[in-house]
1. Name the residue that is nearest to residue 20 (Cα to Cα), counting only residues in the stretch 73-91 that are loosely packed, with under 14 Cβ neighbours inside 10 Å and in contact (Cβ under 8 Å) with a residue 40 or more places away in the chain.
2. Just give me the residues in the stretch 6-29 being farther than 20 Å from residue 73 by Cβ and either modelled with pLDDT under 90 or crowded, with 16+ Cβ neighbours inside 10 Å (or both), in sequence order.
């Protein structure tokens with residue numbers, strides 16, 4: 001195989017590993033995220049809170065916790081891509 005093909009295989013393998021590790025880390029931090037989200041909700045709900053006026057109600061885009069189903073699906077996808085990349089490199 002040529003140089004560019006080898007580099008592409010290594011990049012795909014690294015991306016699969018990164019997807020797996022990042023989502024595993026998100027699952028590990030899930031409990032802390034729930035507590036942090038609860039604290040932020042309390043801060044925003046207080047009547048005199050300076051943060052309250054800066055928060056858009058429905059379009060914040062932040063999740064208090066990572067969704068388990070999506071995270072596990074991305075972990076599986078990352079693992080499959082990583083293993084496939086390793087298999088392609090070694091063959």
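1. Across the stretch 73-91, the extreme among qualifying residues is 80.
2. Of everything in the stretch 6-29, just one residue is farther than 20 Å from residue 73 by Cβ and either modelled with pLDDT under 90 or crowded, with 16+ Cβ neighbours inside 10 Å (or both), namely 9.
Okay, residues lined up against (1) at pLDDT 90 or above; (2) under 30 Å from residue 9 (Cα atoms); (3) not in a helix (DSSP H, G or I):
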position: 36; (1), (2), (3): no, no, no
position: 39; (1), (2), (3): no, no, no
position: 48; (1), (2), (3): no, no, yes
position: 61; (1), (2), (3): no, no, yes
position: 65; (1), (2), (3): no, no, yes
position: 72; (1), (2), (3): yes, yes, no
position: 75; (1), (2), (3): yes, yes, no
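The values are calculated or read from the model by the stated rules, or taken from the named source; none is laboratory data. Predicted model only: the values in this text are computed from it and were never measured. Note: ideal-geometry Cβ built from the backbone for every residue, glycine included; neighbour counts use all protein chains shown.
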